[in-house]
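Before any comments, here is the structure.
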Amino acid sequence: MSTLTDTEPTGTLSDPWPAPTARRPVTAVVPVPGAKSGTNRALVLAALAGGPSRLRGALRSRDTLLMAGVLRSLGAEVDTDGPDWLVRPAPTPGVAPGARAECGNAGTVARFTPALATLREGDVVFDGDPRMRDRPLTPLLGALRRLGADIDGDRMPFTVRGRGALPGGEVTVDASDSSQLVSGLLLAAPRYDAGVTVVHRGTRLPSGPYLDMTVADLRAAGAVVQVGPPEADGSRRWHVEPGELAGADRAIEPDMNTATAFLAAALATGGRVVIPHWPQATEQPGRMLPALLAAMGASTERTEHGLAVRGHGTVHGIDVDLSDFGEAAPVLTALAVLADSPSRLRGIGHLRLQETDRLGALAEELGSLGARITVTDDGLAIEPAPLRGGRLDPRADHRLAMAYAVVGLVVPGILIDDIATTGKTVPDFPRMWTAMLAEEYPATGPTQPSGEPA
């Protein structure tokens, strides 16, 4: 279990972490923790339910502990001790005077919880890390106002003046910058007086599978949700009816986004990595990962132990639209700079608005090693080039730090600043990474960490 506390920062810029270079093909079975996206959605729905809930295998990381802290500020009881997390909905209608919601740099926290605050009585001030003040929130807050909320401000810090209820109704939002803007309206919708109909109108709708997760989780909690087909103009429509949500005993799936870096290690080094308990069916966008790695030269198979990925000594370039799976872009970029042919990653313009500008950061930081990366209108173009060691700054972005570790498997002399930033979503990443290389994980047969779903 991670030793993160609810208020611990992502890390400090002290001595850089020497990314270990693989001396032989990586061969390991690597158990990954529960999914951040699943944990935070489950926490929100549990806080809105009519009874207590138990979350088995919840991810203990900075983002999920921030979510637990915000839900506590809204009156819920959230016990994060032990492998099973227990959630009891708020017993009283009001929040404590001076209530604050500290969101850090967690998009799920900042976008999923303001609607909950409108359902409480009293003022709640929302704030976060400096980068969170630049990330897209205005469309969400404007939509909540049109549904009847009283909110001061359009960016952090802002104040939700809760009245104990939200009228609801129909609202249009442009979620072109983040699908979380829609999820933030849908998750609390069963508690709106009239439910909600959300219409997205914009140039794109990135990370669509995460909206599928939101809908599936709402339905599993007892909500009635109707999803309309995409319209000719690209608009989408969701309707959630008012009603009570049920408490649940729920197992959280392994985090496929976390698995991306570990599986990439197999391809980069010509080894074999197995992720135990890979779901047979899932709404996580990571379901696309086996096909992506296969296109870059890996063999993938489901075994009795989980998903196995084997590399064959060569990484191939790829031309792919990642609009539904932008979280994979940093690690795929790391593989692309090791590839024998050019790559083009498309449909990820929205990554400019993540924890950092991921497109610019990848091009600049990996470019300092000799990589030839061009930022395009909607992504990255990568040309093969010789690489050298160097010091890389993940810019407080967990996905970048993990991507740099993948490069370090092949390129000696990679130093990564602020490796602790991986604690945002992956507890103990440096220990897990070095354990994989030291063959401390078994080469065959899964291990079952305490509290992780089978």
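Quick notes on this structure:
- Per-region count, the stretch 85-98, residues modelled with pLDDT of 95 or more and surrounded by 17 or more Cβ atoms within 10 Å (Cβ to Cβ): 4
- Breaking point among (1) of a type in the set (S, T, N, Q); (2) in a loop (DSSP other than H, G, I, E, B); (3) under 30 Å from Leu119 (Cβ atoms), for Gln226: (2)
Residues checked against (1) touching a Gly at 6+ places or on another chain (Cβ under 9 Å); (2) under 24 Å from Ala42 (Cβ atoms):
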{"site": "Arg62", "(1), (2)": "yes, yes"}
{"site": "Leu74", "(1), (2)": "yes, yes"}
{"site": "Ala106", "(1), (2)": "yes, yes"}
{"site": "Phe112", "(1), (2)": "yes, yes"}
{"site": "Val125", "(1), (2)": "yes, no"}
{"site": "Arg131", "(1), (2)": "no, no"}
{"site": "Gly148", "(1), (2)": "yes, no"}
{"site": "Arg163", "(1), (2)": "yes, no"}
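- Of the residues examined, Ala165 is one that is in a loop (DSSP other than H, G, I, E, B) and more than 25 Å from the chain's Cα centre (by Cα).
- Residues that are closer than 23 Å to Glu355 by Cβ, surrounded by fewer than 22 Cβ atoms within 10 Å (Cβ to Cβ), without any contact (Cβ under 8 Å) to a residue 60 or more places away in the chain and basic (Lys, Arg) do not occur anywhere in the stretch 111-132.
- Residue in the stretch 58-81 that is buried (at least 24 other Cβ atoms within 10 Å of the Cβ) and among the hydroxyl-bearing types (Ser, Thr, Tyr) present: yes
- Residue in the stretch 378-398 that is surrounded by fewer than 22 Cβ atoms within 10 Å (Cβ to Cβ), of a type outside the set (A, V, I, L, M) and under 21 Å from Pro206 (Cα atoms) present: yes
- Residue match in the stretch 61-81 (condition: modelled with pLDDT under 95, of a type in the set (Ser, Thr, Tyr) and not assigned by TED's automatic domain parsing to the domain that holds Ile275): yes
- Selection from the stretch 350-360 of residues that are free of Cβ contacts under 8 Å to residues at least 60 places away in the same chain and surrounded by fewer than 22 Cβ atoms within 10 Å (Cβ to Cβ): Arg352, Asp357, Gly360
- Taking the numbered list (1) surrounded by 22 or more Cβ atoms within 10 Å (Cβ to Cβ); (2) closer than 25 Å to Asp129 by Cα; (3) at pLDDT 95 or above; (4) not polar (S, T, N, Q) in turn, Val315 passes all entries but (2).
- Subset of the stretch 330-347 (residues that are touching a strand residue (DSSP E or B) at 6+ places or on another chain (Cβ under 7 Å) and closer than 21 Å to Pro386 by Cα): Leu332, Thr333, Ala336, Val337, Pro342, Ser343, Arg344, Leu345
- Which listed residue is closer than 25 Å to Met132 by Cβ, of a type outside the set (Lys, Arg) and out of contact with any helix residue (DSSP H, G or I) (no Cβ under 7 Å at 6 or more places or on another chain), from Ala175, Ala220, Ala246, Ala189: Ala189
- Here is the figure for the stretch 175-207: residues that are at pLDDT 95 or above and of a type in the set (Ser, Thr, Tyr) total 3.
- Filtered residues of the stretch 168-188 (kept if assigned to a strand (DSSP E or B), in contact with a Ser or Thr (Cβ under 8 Å, 6 or more places away or on another chain) and β-branched (Val, Ile, Thr)): Val171
- In the stretch 418-451, the qualifying residues are those that are assigned to a loop (DSSP other than H, G, I, E, B), of a type outside the set (Val, Ile, Thr) and touching a Lys or Arg at 6+ places or on another chain (Cβ under 7 Å), and the one that is modelled with the highest pLDDT is Pro427.
- Restricted to strands (runs of 3 or more DSSP E) entirely inside the stretch 263-311, those with at least 3 residues that are surrounded by fewer than 24 Cβ atoms within 10 Å (Cβ to Cβ) are 299-302, 306-310.
- Hey, Val182 touching a helix residue (DSSP H, G or I) at 6+ places or on another chain (Cβ under 9 Å), closer than 23 Å to Leu322 by Cβ and either assigned by TED's automatic domain parsing to the domain that holds Arg395 or surrounded by fewer than 21 Cβ atoms within 10 Å (Cβ to Cβ) (or both) or not: no
- Residue within the stretch 367-379 that is touching a Gly at 6+ places or on another chain (Cβ under 9 Å) and in a helix (DSSP H, G or I) present: no
- Filter result for Arg302 (under 20 Å from the mean Cα position of the chain (by Cα), closer than 29 Å to Asp428 by Cβ and among the basic types (Lys, Arg)): no
- From Arg41, Arg72, Arg120, residue being in contact with a helix residue (DSSP H, G or I) (Cβ under 6 Å, 6 or more places away or on another chain) and more than 21 Å from Asp428 (Cβ to Cβ): Arg41
The values are calculated or read from the model by the stated rules, or taken from the named source; none is laboratory data. Given the structure is predicted, the values throughout are model-derived calculations rather than measurements. Here the Cβ is made from the backbone with ideal geometry for all residues, glycine too, and neighbour counts use every protein chain on show.
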